[in-house]
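The values are calculated or read from the model by the stated rules, or taken from the named source; none is laboratory data. Small disclaimer: the values here were computed from a predicted structure and weren't measured. With ideal geometry, Cβ positions are generated from the backbone for all residues, glycine too; neighbour counts draw on all protein chains shown. SASA here: full protein model, heavy atoms, side chains in, ligands and nucleic acids out. Shrake-Rupley method; radii C 1.70, N 1.55, O 1.52, S 1.80 Å.
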Amino acid sequence: MAAPWRDVVRDEAAVREAAAVAVDAALLAGVLMRTGEQPHSSDVVNYAPFTLLPSAVPQALFEQAYAVQQDFNLLVDTISQNKEFLEQTLASTIKVDDFTARLFRIYMQVLEEGLAQTVFLGINRSDYMFDSGVDGTTALKQIEINTIAASFGGLTSRTADVHRLVLNVLGKTTEASRLLPNNPSKGLALGIAKAWELYGSQSAVVMFLVEEVQRNIFDQRCVENELWKRNIRVIRRRFRDVFEKGSLDDSRRLYIDGQEVAVVYYREGYVPQTYNQQNWEARLLLERSRAVKCPDIATQLAGTKKVQQELSRPGTLEKLLPDHPEAVARMRATFAGLYSLDEGEEGDKIAATAIADPERFVLKPQREGGGNNLYGEELRQVLEKIKDSPERTSYILMDKIKPQPALNYLLRAHSPLQVSECISELGIFGVYVRQGQELVLNKAAGHLLRTKAIEHADGGVAAGVAVLDTPYLV
């Protein structure tokens, strides 16, 4: 892949000047996070980490990722309505993974009671890397699809302007003009607003369900402000607020502090550490309600790694989407090799292969939020330990993708300015709304590029490893 900034990266004086401009531009544009020292206060903030220069992304692969997003939206929505598929696919996982099992129990309980919810909202982010073949070609390979709390749609809406300025400062005006506009926060808000409108109560609010520690609040505020512009009231509450103050009326309308809630937008709830007994009870209350959940619990289960692995099996996509052969072909073209570790001959064989050659694979548990995957020697040790135990079925194996590194500077507060060999991951945001059986909205809503130094195997921006970036199409 072409390295468009080779000359710039070597010019230390130009880099230092551009970095100073870039940091001020990021603060000015609102590319912000609260600090680790004061995560509950916006009195002291700093810029979110980002690259000094936009990273090269092959235009054909970028366009391919956008073209397939509506297909993935359709697929996730289809899976969320397919009880039999979810039951069969997650049968082995829920025996050994308590977190997935508890989500699944709520899912079954809500189905047995009968769904009160009639409008469904999905905000997904499908993440890819660019796999570098031995023949020098690059291919788009899907890492995962996030169906809950897919973040950084807000801050990435503001990052391109910073990179545009940096390129202008470096005398790269033609290149600066080629950076694409990108505003996922507007697209995400469009989906939330449509769901709110279809819910059908002008006085009802949208509730952002947020973490106890809210360092990434400005990312959420970008989406929130788009809703306020449409005169849609937004409140922010935690699970504990729902437990203490949430209630359902006879029609299973959800009320918090006396306010009817039309849409619950989860920015929390994807890791086991979130949940104590009262938070599980709060989650059940939300799921039983008529409010539009983003995601509802079926859609969260549709985003598990085990489902992703099952989708890569020959025939699975075809069975789920029999009337969409072109969509199936587009999605299948992005799949990396994914392998089941279920008990039996197939699982035994792939476990032995990975133990013998751990550098070929990534070991993935059923978790979101970054920083959970295992590589290399660590992968081998864990698999050795669990290879004869049912516990191995709580993981899947994936072929390790090998992108071509490029030089860049990763700007982090209070860190020295130094050049790093980096790799990037492209995320495409998708949003859809279904009312009953009709898909009334299905679109790609923008993109997110995250870049990290090659010494870090795993982890996103929130995990403190990757930084925000902007694609420069080549």
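Observations on the structure shown:
Conditions tested, residue by residue: (1) touching an Asp or Glu at 6+ places or on another chain (Cβ under 8 Å); (2) buried (at least 22 other Cβ atoms within 10 Å of the Cβ).
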residue: Phe361; (1), (2): yes, yes
residue: Arg367; (1), (2): no, no
residue: Gln381; (1), (2): no, no
residue: Lys385; (1), (2): no, no
residue: Pro405; (1), (2): yes, no
residue: Val431; (1), (2): no, yes
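- Residues in segment 230-246 that are over 23 Å from the mean Cα position of the chain (by Cα) and touching a residue at least 12 places away in the same chain (Cβ under 8 Å): Arg230, Ile232, Arg233, Arg240, Asp241, Val242, Phe243, Lys245, Gly246.
- Screening segment 118-216 for strands (runs of 3 or more DSSP E) wholly inside it with 3 or more residues that are open to solvent by 10 Å² or more (accessible area, probe 1.4 Å) and closer than 27 Å to Leu411 by Cβ returns the ranges 119-132, 138-146.
- Members of segment 138-186 that are among the aliphatic types (A, V, I, L, M) and either outside the structural domain of Cys222 (by the TED database) or under 16 Å from Ile217 (Cα atoms) (or both): Ala149, Ala150, Leu155
- Flag if Glu368 is under 30 Å from Leu188 (Cβ atoms), charged (D, E, K, R) and touching a Gly at 6+ places or on another chain (Cβ under 9 Å): yes
- Of all the criteria given as (1) within 25 Å of Asn279 (Cα to Cα); (2) at pLDDT 95 or above, the one not satisfied by Leu165 is (1).
- Hits in segment 374-417 - residues which are more than 28 Å from Glu310 (Cβ to Cβ), in a loop (DSSP other than H, G, I, E, B) and within 23 Å of the chain's Cα centre (by Cα): Gln404, Pro405, Arg412
- Remark: Glu268 falls outside the filter, which requires a residue to be open to solvent by 10 Å² or more (accessible area, probe 1.4 Å) and assigned to a helix (DSSP H, G or I).
- Qualifying positions in segment 314-365 - modelled with pLDDT of 95 or more, assigned to a helix (DSSP H, G or I) and of a type outside the set (A, V, I, L, M, F, W, C): Thr316, Glu318, Lys319, Pro325, Glu326, Arg330, Arg332
- Pair list, Cβ < 8 Å and 6+ apart or interchain, from segment 257-283 residues that are assigned by the TED database to the domain that holds Gln214 to residues that are part of a strand (DSSP E or B) and open to solvent by 30 Å² or more (accessible area, probe 1.4 Å): Val261/Tyr255
- With respect to the conditions (1) within 22 Å of the chain's Cα centre (by Cα); (2) surrounded by fewer than 22 Cβ atoms within 10 Å (Cβ to Cβ), Ala91 falls short on a single one, namely (1).
- The listed residues are Ala356, Ala327, Ala351, and the only one of them that is open to solvent by 20 Å² or more (accessible area, probe 1.4 Å), of a type in the set (A, V, I, L, M, F, W, C) and more than 20 Å from the chain's Cα centre (by Cα) turns out to be Ala356.
- Criterion: at pLDDT below 95, assigned by the TED database to the domain that holds Arg105 and either within 22 Å of the chain's Cα centre (by Cα) or part of a helix (DSSP H, G or I) (or both) - qualifying residue of Gln300, Gln309: Gln309
- Breaking point among (1) surrounded by fewer than 20 Cβ atoms within 10 Å (Cβ to Cβ); (2) closer than 19 Å to Asn146 by Cβ, for Ala413: (2)
- Tally of residues being crowded, with 21+ Cβ neighbours inside 10 Å and not small (Gly, Ala, Ser) across segment 35-57: 8
- Close pairs (8 angstrom Cβ cut-off, 6 or more residues apart or separate chains): within 25 Å of Ala19 (Cβ to Cβ) and assigned by the TED database to the domain that holds Lys443 in segment 415-433, open to solvent by 60 Å² or more (accessible area, probe 1.4 Å) and outside any strand (DSSP E or B) anywhere: Leu417/Arg16; Ser420/Ile454; Glu421/Ile454; Cys422/Ile454; Ile423/Gln404; Ile423/Ile454
- Filter result (open to solvent by 50 Å² or more (accessible area, probe 1.4 Å) and part of a strand (DSSP E or B)) within segment 248-258: Tyr255
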